[in-house]
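Trainee: Would you mind keeping the following structure in view while I ask a few things?
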Amino acid sequence: QVQLVESGGGLVQAGGSLRLSCAASPRTFRSYVMGWFRQAPGKEREFVAAIRWSAGSTSYADSVKGRFTISRDNAKNTVYLQMNSLRPEDTAVYYCAADPFNRPLSRSTTHMGDYAYWGQGTQVTVSS
């Protein structure tokens with residue numbers, strides 16, 4: 001069982017930045033994939049970014065490429081989502097998630113159903 005605790009959400013003006021944090025406990029394993037998803041009111045939950053813990057390789061949704069950066073800190077068992085150049089359409093509840101299974105590297109990290117553990121979500125609101 002993995003517990004994910006998120007922080008860093010809030011209200012920011014368009015063009016601003018936020019950094020979301022997701023602390024995993026009791027620990028993460030090198031095979032884990034950590035992901036960020038978001039869900040706006042009335043919309044489907046969508047993939048934002050993911051990172052393979054061991055290799056540090058990343059993937060991003062097209063809508064956030066060049067603006068968001070996912071990273072991890074091995075010592076802190078924490079994954080981050082640095083969000084720059086925020087837009088009103090980025091407004092959503094952001095969820096941290098963990099895929100604990102050692103899936104083939106060929107499998108995309110974007111599949112929401114692959115993630116077994118989820119954080120509580122943190123609200124990000126971008127005003128215009």
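Trainee: For segment 1-25, which positions are farther than 21 Å from ASP114 by Cα and in a loop (DSSP other than H, G, I, E, B)?
Mentor: GLY8, GLY9, ALA14, GLY15, GLY16, SER17, listed by residue number.
Trainee: Quickly run through segment 12-36 and pick out the residues that are among the hydroxyl-bearing types (Ser, Thr, Tyr) and farther than 18 Å from VAL48 by Cβ.
Mentor: Scanning segment 12-36 gives SER25, THR28, SER31.
Trainee: Moving on. Could you look through segment 1-43, keep only residues that are crowded, with 17+ Cβ neighbours inside 10 Å and of a type in the set (S, T, N, Q), and pick out the one that is farthest from PHE101 (Cα to Cα)?
Mentor: SER21
Trainee: Can LEU105 be described as touching a residue at least 60 places away in the same chain (Cβ under 8 Å), more than 15 Å from GLU46 (Cα to Cα) and outside any strand (DSSP E or B)?
Mentor: In short, no.
Trainee: Let me ask something additional. Only one of TYR95, TYR80 is in a strand (DSSP E or B) and either farther than 16 Å from TRP118 by Cβ or open to solvent by 60 Å² or more (accessible area, probe 1.4 Å) (or both); which?
Mentor: After applying the criteria, what remains is TYR80.
Trainee: I would also like to ask the following. Looking at segment 55-76, can you tell me whether even one residue there is touching a Lys or Arg at 6+ places or on another chain (Cβ under 6 Å) and not aromatic (Phe, Trp, Tyr)?
Mentor: no
Okay, residues lined up against (1) of a type in the set (Gly, Ala, Ser); (2) under 16 Å from VAL126 (Cβ atoms); (3) at pLDDT 95 or above:
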{"site": "VAL12", "(1), (2), (3)": "no, yes, yes"}
{"site": "SER17", "(1), (2), (3)": "yes, yes, yes"}
{"site": "PRO26", "(1), (2), (3)": "no, no, no"}
{"site": "ILE51", "(1), (2), (3)": "no, no, yes"}
{"site": "LYS65", "(1), (2), (3)": "no, no, yes"}
{"site": "ILE70", "(1), (2), (3)": "no, no, yes"}
{"site": "TYR80", "(1), (2), (3)": "no, no, yes"}
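Trainee: Can you tell me which residues in segment 44-60 are without any contact (Cβ under 8 Å) to a residue 40 or more places away in the chain, open to solvent by 20 Å² or more (accessible area, probe 1.4 Å) and part of a loop (DSSP other than H, G, I, E, B)?
Mentor: GLU44, SER54, ALA55, GLY56, SER57, listed by residue number.
Trainee: For ASN74, state whether it is in contact (Cβ under 8 Å) with a residue 60 or more places away in the chain, polar (S, T, N, Q), out of contact with any Gly (no Cβ under 8 Å at 6 or more places or on another chain) and over 29 Å from SER128 (Cβ atoms).
Mentor: Considered against the rule, which asks whether it is in contact (Cβ under 8 Å) with a residue 60 or more places away in the chain, polar (S, T, N, Q), out of contact with any Gly (no Cβ under 8 Å at 6 or more places or on another chain) and over 29 Å from SER128 (Cβ atoms), ASN74 comes out as no.
Trainee: Out of the residues in segment 117-128 that are modelled with pLDDT of 95 or more and part of a loop (DSSP other than H, G, I, E, B), state the one that is surrounded by the fewest Cβ atoms within 10 Å (Cβ to Cβ).
Mentor: GLN120
Trainee: Now for a different question. Against the conditions (1) at pLDDT below 95; (2) surrounded by fewer than 20 Cβ atoms within 10 Å (Cβ to Cβ); (3) of a type in the set (Ser, Thr, Tyr), where does THR109 fall short? Just the number, please.
Mentor: (2)
Trainee: Among the residues that make up segment 26-39, is at least one of them within 18 Å of SER63 (Cα to Cα) and assigned to a loop (DSSP other than H, G, I, E, B)?
Mentor: Checking segment 26-39: not a single residue is within 18 Å of SER63 (Cα to Cα) and assigned to a loop (DSSP other than H, G, I, E, B).
The values are calculated or read from the model by the stated rules, or taken from the named source; none is laboratory data. Computed from a prediction, not measured in an experiment: that's the story for all the values here. Heads up, the Cβs are rebuilt from the backbone with ideal geometry, glycines too, and the neighbour counts pull from every protein chain shown. Note: areas computed on protein heavy atoms with side chains; ligands, DNA, RNA excluded. Shrake-Rupley method; radii C 1.70, N 1.55, O 1.52, S 1.80 Å.
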